[in-house]
Each structure stands twice: as structure tokens, then as C-alpha cells.
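Engineer: Please see the structure below; I have some questions.
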Protein chains: 2
Amino acid sequence: MLRFPRLAFALLLAPLAPAAAETGRPNILLFLVDDLGWQDVSVPFHTEKTPFNARYHTPHLERLAARGLKFTQAYASAPVCTPTRTSLMTGQSPARTGITYWTLHKDRDQSAKHASVRAPKWNVNALQKDDVTLARLLQSAGYRTIHAGKAHLGARGTSGADPRNLGFDVNIAGHAAGGPGSFYGEHDFSAKHRGGGAVWDVPGLEAYHGSETFLTEALAREAALALDDAVEDEQPFFLHFAPYAVHAPIMANARYLERYAGLDEREAAYATMIETVDAALGALIARVEHHGLTDETIVIFTSDNGGLSAHARGGERHTHNAPLRSGKGSAYEGGVRVPQVLVWPGVTRSGTATAVPVVTHDLFPTVLAMANVATPEEYAPSVEGLDLGPLLRGDADALGERALFWHMPHFWGVHGPGIHPYSAIRKGEWKLLYFHAGTRFELYDLDADLGETRDVAGSRPEVVRALAAELGAWCEAARASMSIDTETGRAIELPHRVGR
Amino acid sequence: MLRFPRLAFALLLAPLAPAAAETGRPNILLFLVDDLGWQDVSVPFHTEKTPFNARYHTPHLERLAARGLKFTQAYASAPVCTPTRTSLMTGQSPARTGITYWTLHKDRDQSAKHASVRAPKWNVNALQKDDVTLARLLQSAGYRTIHAGKAHLGARGTSGADPRNLGFDVNIAGHAAGGPGSFYGEHDFSAKHRGGGAVWDVPGLEAYHGSETFLTEALAREAALALDDAVEDEQPFFLHFAPYAVHAPIMANARYLERYAGLDEREAAYATMIETVDAALGALIARVEHHGLTDETIVIFTSDNGGLSAHARGGERHTHNAPLRSGKGSAYEGGVRVPQVLVWPGVTRSGTATAVPVVTHDLFPTVLAMANVATPEEYAPSVEGLDLGPLLRGDADALGERALFWHMPHFWGVHGPGIHPYSAIRKGEWKLLYFHAGTRFELYDLDADLGETRDVAGSRPEVVRALAAELGAWCEAARASMSIDTETGRAIELPHRVGR
């Protein structure tokens, strides 16, 4: 191995040596957890420690945060899975890719039926074989690209269902479905124990069938082996670890249950799923340490949307992301704000936090820049995410007064606050929501009202007007397809045209 | 607790928020391990991973290094305990304090008898009640100052034997002696089980007497409780954790022995002592995490001199710090180069390393600056250490082409390479040693010859001349007392006067 001698020269030449990460091909360990809410960890992302931070136990994420940069205002590209996942892979917003909702079967729209609007035509098969992806660009640059866990990047029966068609050298248990049949090896990770369909059968983990292995643990073990292989072959790795958890079905990992005695049974089970994900983070970081690659490995931890709160949870609905309002599927903060931590050895400073709003598709240009991989010239104009590099290096003003946008012209099917087809813009303290049904606005000052309880659209018409104009211009630029009014059969107005 | 709301405002105001550490009164956890050699940990401080790094197991130090800055060329102020410890407390070199050797009894010189030179008059009682110390300055600024473990800062029967007379609010088990009677609670931490003197009885841990508690573990528990008290009282803390270990007597902690099966029995015992220190580091960091203070706590880990190698160890003598030559008590690198890691949340970058040479007494102005505590104006001219702040912030050139100096006009009593009364200078790649007996020079190019095997004094007279001049000027400025020639009864020549 040439690894240590290389570091050696760096030390002699450069008194404060940046890790090899900044100059070579750093390894990238990207944790994309499923449905993990902003409050679903013991690291505080709010301005104060909350009861949820006290309830959940994620010591490895705590350590990761102590090593690097915590994003207190990180957003998922969408409030449901597939759009966020495909935006990470493409650097584009869901509006631009046309992948605005979750996918499953070829050519089938999974949108739920809404009373007054329906979904427009959208990209129901999601990513396909020839699409440019983050994984493919890294693969072309010499990375061993490893996917482990939930893929949910392309529909069943299409090329995109297999991550190996999307730039991954290795696929561990990923396919078209957005959830596992079961988290238990005893169930063969299948839904058959409860009479569920074979579409949810987790593929490729037959070695664990019948054993007492929790799905997340099996994924971590297999991912560690794939990581070992890459190291042995002296290839840098991109490990996209997407552990199915903490997506439903909510099933306890008995190993961790004792700590959560006294909690509602389902909430206790949920807490064990979180702790299992954290243990997987710890195990993979330990593997990196074992290989002596800590200084050459970037670690990113984030989630694909807000925490589930509208159903299937214990306790009162829509409260599981408090102080944020609502949860997965919703336009409110609970649906899109996610935990995010990033460690870039030699670049990020230990124990720092930033409140600059960032979004999942920022990770596309960010990871490419960290890996010193160029975006193809013809593809660059499609990339909406920004390279967070300057922010990671400590320049808080690098991103300027950027607006972030969301667009989901779909009804998620479960009723709850903000769970409606919508478009939205966040800029500075303001967040303007444009609900497609009834073409109505809500405006919140997030600095003063993080919980989105006081709609000030009526009293601040000039803010509504300005943000609606910016949102409308973006919808046009991104060619966002608006919801269809079921009564007229025509697309609803763009936000800046409403009432004109 | 006002802690979180304060952080909250910081986040809102400053997008990339430096932790409270940089602006307020950060907590300081300073690990000053005893006799821990440069190779006595699993973190590599050499340019490559060594067999010693593979032998020892210090996962918590690995994690600390991953969070912050590793110093690959950190030096102790002296090759034995008391001078380094008192230099940390005063910011002065041992030559300037006159505390050039280890202390024990009031007015008694512990120097061993040498064939041709003897020790000059020196400060045999070490620090006393009215001396300015790092602890006292922090205490005056509102810190809860906690000492735990080996003090060895002032002689028995004098005020300096009690750390509470030197600026510590709390003293856990510290006194005049530089070693413990035993590391075992079953022995009451006393040497009486082997017929040793009461002077080695560790004071104040009676609650653990007769129990199966290893001394380092008892210290960690008591230190954690003292830390809890400070947090409860909303005082920032300075915890000076100096765990007696890994000083002799070398005694195994059975809890960890299994991992070291196959090693020489004494070496295995030594390895368990190291792992126990690392576990204490982990326990105290976990305590900090538990209080939610990770972002507001600076952690420094270092040692007071090189690793013991001249006696009492298994295997071949003088090889335990390889690739460095010799060990504790020696003028060679094995005697003075030590492991050092520093994490300043929001300032140091994760996983970085610096090869800039630094020395223990640099920590005096560094800690004060980090704590925003001014050095008294009349004391400032005495401070020889430099504030490492700019280096911690990433400016590798901040310290310029500084020379480091050592001066120990004492014989340590055990024979081995470089274990002689000496003065020395390190500048750039060069290290000039001036051995008092025979007033002779040795010159090494550390970049080309880290193991100090090729003395080039004969072939590079111009380098010898220049460095001897600089060393001599420093000896005069610091009023370094030179060894006495036993034949003439007069002090030996200063290095720049030799041969004139």
C-alpha cells in the first residue's frame, strides 16, 4: 500500500497538511437515510436541545457532528423519497427532472386521488440507463461506486430499477421499491409473512434469510465488505449507503429495545430503527478507521425527506417533527427539513454549524468538486444545485441570498397539514407556499415562526408578490408541470399569474 | 441552562458559526499523560504506521485525531516529568524557571551522581504558593480548575505539593510524588504491598481502597464528577487530567490483557495501561457529550516526556520509541518527542496534521488565548511559549523559523544513549546537542536521519557554530545554570564559548 508514504511526504512538505482528500480522490461515504426526520437523532438541529434529541440515541452521529459541520437548515429536494434520491443523483430539482413523486411500477402513476386537482404528466419511470448520474460520473473517474440499501431510483420493469444501470459498480439489495417487505432476516426481508406482495422483497440478501439479522445490519456488513474490496484494489470508493430504515414498516430491533422501555410500543420500535442506523454509521466509520483512511474519507449524513408523522406512528399525528409542523409528504418544514452533517477532513472545522439553507441536489456538484471530477460541459447547464465547497471552507456568504424551490404536483394520499399538491420558495426568513388546489398562498416568517403557525400572506402582500414572481419564473425555467384542475382539465395558473 | 439559547443566537447571526469556544469561555480538557512515548498509541505520529501503532489500542485518541489537529513534531519541555509539568504551568522553559529536574522532598536534589559533572544549584522545591500558574490565571478568570492525578509540581513539605496552592480549586489525588505506589485499588494505591515508602501513597482515593479499581479508572470517575459539578454550577472548567499512568510501576489492567496475549508479559501490561488511559479519555469526552458541551470544549492530549525505555520494560532496551532513538531521560528524540492532538471546535479542521515543531510551554499562552484570559503584563516577558492560535487556525508559517531549546544539567541515573546532562537546540531540520560532560557536540539532520544515527558535527562545522551561538545566547537570556565540572568545581563553558 502506498497510502502511508504518500501522507508522509505531505507532512514533510506542508506544515499544516490538508488531508489527501483535498488534492486527490477522497473516498466518499454518503448516508442517505430514509424518512429520518429533523428531530429523529440525539444531535440537536434546532436552536435548543429538544425532548426528541433526548429520546433518540445516535452517538455515532454525535461524534460525526463533533468532527465536522452540522447543517441546521438542510432540506430534502422533495417531501417524498424518489424525487429527492433522483435529485441527488442528477443535481437537478424534481421539477426539472420531471420526477416529482415516488415511483414503483413501469408507466404507472402512484399519485393519490385528490378532490379538485390531479397530477400532470410526469416522469413516472424515473432514472434510466443513459441518464447522467453522480454515480456514473464518479465511476468514470475511477471510483468504485457502491450502492447499498434502498435505491428507488427507477421503476420496476425498467433499466433504472437496477442501480448498476445508473453508474453503480456494486448493488447491494437495491431495486425499484421504496420500502422493504420486512426488516427481519427471519422474514427473509419479505412481506410474505403478512401476506404482502413480492414487489417488496428485498433482493440479494439470501445469505441472511432465516437468520436473526436486522436488515440495516445486513446492509452495513455487506457494505463493509464491498468497501474492503475497494480498498484492497486501491480504488477510491463512493459508498451510497441508503439503509431502507427508518421507512415503514416500523419494526423493532430487539437489541436496542431496553433503552426505550416506557415509550409507546411503536415509538420504541422506531427509536430502535434509528439507533440501528446510527450503529451502521459507526460500523462503517470504524471500517474506514481500520483501513487508516479516516483522513482521506469524506462522510455525509442526510435524509431523503422529513419524518413520517401522518400515520403508522405512536402518539398524536403530525407532531413527530416538532417544533416543525407536519411531516413526510407535507409542504411544511416537517416534510422537507432534514438532519445533515458533513465531514471533509482537512477542510471542515470540528464542531461547527451553519444555518445557511442547503438542499439535497447541492450534493451533486459538491461531491464532484470534492472528488475533483468535472461535470460534463453539456450537462452543466442542467445542474441546479450549488457546490457547497466555499461554505465548507468557512465562507458563510458564498451562496449569497439564494432562493430554494420545491414543486410536487401530487397528493400523497394521507391527510394532514400541508399534505397537498404544491410549489414553494424559501428565501431569507420567508417561505411562500403555493397550494395548487384553490391556487392559494401561505406565507411564513421562519425566523420568527419556525412552526409555521401564523400565515402572514394577508398582511404582507408585497412579500407574497415578490416571492410568487420568483417562484413563477423558476417554474417556467425548470419547466415545472403544474397540477391539472379536474373540473376544467387545464393546468392551474403559475403562481405569479394568480389573480391577474 | 442558558447554554443552548446562546448557541441559538449564534446560529441565527452567523451562518458558519464558530463554536462558542472562540468567543466565550470554552471548557478545556487537558490530558497530560505521564511517560507516554511518541509511538505508544495507535494514532500514527510517524510518517508511516509502525508496529507500535499496530500493537497499541487507543481508539478514542484515534477519534480525537479525526476531529482535530495532530502534531507530528510536538516536544516535551524536558525529558523528565517535573520540568515539563511546571513549564506547562508557567509558560517558561525549565532553564528559566530553574526547575530543571524532577523533585520529591523539600530542599533535596534528586540528581544522580555522574562521573565528571554535577548539577548546579537549581529550584529543587519547584512551584510554590505565590507563583503565577496557568491554573491560577484561569481560576481568576472564573474557571473551575480541576487537577486529577499526578501533580509533581512542588516538593513534599512545601506549599507546592498541594495543587490547591497553585491555582486548582479541586485536587484529586495529586501531591509531590511523581509515581503511584500501586495502580491497584486492592493495594490501596500504595507501595506498602512491596515494602515501598509511604511517600508514594496516592492521596485522597480512600473510597476505592480494597476495590478492584485501576488507578486511572478511579481518577476518570472522580474527574467526571468534578466536571459534573462545574457544569451544574454553570462554570467553565479547566480539567488537568494527569493520570499517573503510564509511569512505572508497570502493572496490568486485567480488563484489557486478552488483546495483548503473545506479547512479553511486561509489554502486555504496559499496553493495558495505555488502553486504560485511552478509555479515560473516552469516558471524559463522553461526559462532555452527555452535557451537550462538545462544541464548547477544547481537548488537548499530550505527554510529559518520551516513553520509558532504559529499564523496567520488556524486550531490548532503548528501542521502545523506534524509529526515535532512546527514551525518557535522554537528549535524543525518544526522550522528548511526544504524541499531541488538539481539538478546538470551530477552529481546528478535522483530520489535519502539522509538522511544525511545538513544545509543552507553548500551551500556556495558547490555552490562555483560547480562554480569552490575558497574561498579566508584568509576567508576559517571562513567557517563552508561543500562542499556537494562528497555527491552529491553519497558518502554517505563523511561528516562523523558531528554534526550540532544552536544558537539563542533570544525570538521570540510568545509563543509555543520550542520557547525560545536556543542552540542545532544534531549528529547521537541525538538532544540535551539547553534552556537558566533555563539552562535546553532536549534530543531526532530523529530516534525513530521524533516528539520530549519523552525527554530522564534524562535517558541518558552520552549522554547529551557528547553532551553538544561538543556543549559547538563549542559555544566557534564560539564565540557564550549566553543569559543574567536578574536577575544577567550576561551571562548564557555555556552548558558544567552547574551544575559544
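The values are calculated or read from the model by the stated rules, or taken from the named source; none is laboratory data. Computed from a predicted structure; not experimentally measured. Every residue, glycine among them, receives a Cβ derived from its backbone with ideal geometry; neighbour counts consider all protein chains shown. Keep in mind that these areas ignore ligands, DNA and RNA; they rest on the heavy atoms of the full protein, side chains included. Shrake-Rupley method; radii C 1.70, N 1.55, O 1.52, S 1.80 Å.
Engineer: Based on what the data block shows, is B:Gly204 touching a strand residue (DSSP E or B) at 6+ places or on another chain (Cβ under 7 Å), open to solvent by 40 Å² or more (accessible area, probe 1.4 Å) and either farther than 28 Å from B:Asn27 by Cα or of a type outside the set (Val, Ile, Thr) (or both)?
Structural biologist: Here the answer is yes, as B:Gly204 does meet what is asked.
Engineer: Given B:Gly351, B:Gly327, which one is in contact with a His (Cβ under 8 Å, 6 or more places away or on another chain) and either in the same structural domain as B:Val246 (by TED's automatic domain parsing) or among the charged types (D, E, K, R) (or both)?
Structural biologist: When all the criteria are applied, what remains is B:Gly327.
Engineer: Restricting to region B:315-337, name every residue that is of a type in the set (Gly, Ala, Ser) and open to solvent by less than 10 Å² (accessible area, probe 1.4 Å).
Structural biologist: Across region B:315-337, the qualifying residues are B:Ser326, B:Gly327, B:Gly329, B:Ser330, B:Ala331, B:Gly334, B:Gly335.
Engineer: Would you check which residues across region B:472-500 are more than 25 Å from the chain's Cα centre (by Cα) and in a loop (DSSP other than H, G, I, E, B) and list them?
Structural biologist: Correct list: B:Thr486, B:Glu487, B:Thr488, B:Gly489, B:Arg490, B:Ile492, B:Glu493, B:Leu494, B:Val498, B:Gly499, B:Arg500.
Engineer: While we're here: Of all residues being closer than 10 Å to A:Ala135 by Cβ and not basic (Lys, Arg) in region A:145-164, which is surrounded by the most Cβ atoms within 10 Å (Cβ to Cβ)? Just the residue, please.
Structural biologist: Looking at residues that are closer than 10 Å to A:Ala135 by Cβ and not basic (Lys, Arg), I get A:Leu153.
Engineer: Follow-up question, since we're still on this one. Check region A:297-307 and report whether any residue there is touching a residue at least 12 places away in the same chain (Cβ under 8 Å) and open to solvent by 10 Å² or more (accessible area, probe 1.4 Å).
Structural biologist: no
Engineer: Here is a follow-up. Select from region B:245-272 the residues that are among the aliphatic types (A, V, I, L, M), in contact (Cβ under 8 Å) with a residue 24 or more places away in the chain and under 23 Å from B:Asp201 (Cβ atoms) and list them in ascending order.
Structural biologist: B:Ala245, B:Val246, B:Ala248, B:Ile250, B:Met251
Engineer: Scan region A:455-471 and give yes if some residue there is farther than 18 Å from A:Pro357 by Cβ and in a strand (DSSP E or B), otherwise no.
Structural biologist: no
Engineer: Now, a different point. Can you name the residue in region B:43-54 that is more than 19 Å from B:Ser303 (Cα to Cα) and outside any loop (DSSP other than H, G, I, E, B) and, of all such residues, is least open to solvent (accessible area, probe 1.4 Å)?
Structural biologist: Filtering region B:43-54 for residues that are more than 19 Å from B:Ser303 (Cα to Cα) and outside any loop (DSSP other than H, G, I, E, B), the one least open to solvent (accessible area, probe 1.4 Å) comes out as B:Ala54.
Engineer: Is it the case that B:Phe364 is among the aromatic types (Phe, Trp, Tyr), in contact with a strand residue (DSSP E or B) (Cβ under 9 Å, 6 or more places away or on another chain) and open to solvent by less than 10 Å² (accessible area, probe 1.4 Å)?
Structural biologist: Spelling it out, it is not the case that B:Phe364 is among the aromatic types (Phe, Trp, Tyr), in contact with a strand residue (DSSP E or B) (Cβ under 9 Å, 6 or more places away or on another chain) and open to solvent by less than 10 Å² (accessible area, probe 1.4 Å).
Engineer: Another one. Restricting attention to region B:159-205, which residues are out of contact with any helix residue (DSSP H, G or I) (no Cβ under 9 Å at 6 or more places or on another chain) and at pLDDT below 95?
Structural biologist: B:Gly195, B:Gly196
For (1) at pLDDT 95 or above; (2) at positive phi, each residue gets a yes or a no:
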{"site": "A:Pro365", "(1), (2)": "yes, no"}
{"site": "A:Val373", "(1), (2)": "yes, no"}
{"site": "A:Ala380", "(1), (2)": "yes, no"}
{"site": "A:Val383", "(1), (2)": "yes, no"}
{"site": "A:Gly394", "(1), (2)": "no, yes"}
{"site": "A:Leu404", "(1), (2)": "yes, no"}
{"site": "A:Phe435", "(1), (2)": "yes, no"}
{"site": "A:Thr439", "(1), (2)": "yes, yes"}
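Engineer: Does region B:257-275 include one or more residues that are surrounded by fewer than 24 Cβ atoms within 10 Å (Cβ to Cβ), within 14 Å of another protein chain (Cβ to nearest Cβ) and under 23 Å from the mean Cα position of the chain (by Cα)?
Structural biologist: So far as region B:257-275 goes, no, none of its residues is surrounded by fewer than 24 Cβ atoms within 10 Å (Cβ to Cβ), within 14 Å of another protein chain (Cβ to nearest Cβ) and under 23 Å from the mean Cα position of the chain (by Cα).
Engineer: Are any residues in region A:338-360 away from chain B (no Cβ under 11 Å) and open to solvent by 10 Å² or more (accessible area, probe 1.4 Å), and if so, which ones?
Structural biologist: Answer for region A:338-360, where residues must be away from chain B (no Cβ under 11 Å) and open to solvent by 10 Å² or more (accessible area, probe 1.4 Å): there is none.
Engineer: Would you check which residues across region A:371-423 are within 13 Å of chain B (Cβ to nearest Cβ), assigned to a loop (DSSP other than H, G, I, E, B) and open to solvent by less than 10 Å² (accessible area, probe 1.4 Å) and list them?
Structural biologist: If the condition is that a residue be within 13 Å of chain B (Cβ to nearest Cβ), assigned to a loop (DSSP other than H, G, I, E, B) and open to solvent by less than 10 Å² (accessible area, probe 1.4 Å), then A:Leu388 is the only one that fits.
Engineer: Please pick out the residue among A:Phe168, A:Phe189 that is buried (at least 23 other Cβ atoms within 10 Å of the Cβ), closer than 25 Å to A:Ala252 by Cα and of a type in the set (Phe, Trp, Tyr).
Structural biologist: After applying the criteria, what remains is A:Phe189.
Engineer: Just to verify a result, which residue in region A:434-449, among those that are out of contact with any Leu (no Cβ under 7 Å at 6 or more places or on another chain) and either aliphatic (A, V, I, L, M) or not in a loop (DSSP other than H, G, I, E, B) (or both), is surrounded by the fewest Cβ atoms within 10 Å (Cβ to Cβ)?
Structural biologist: A:Ala448
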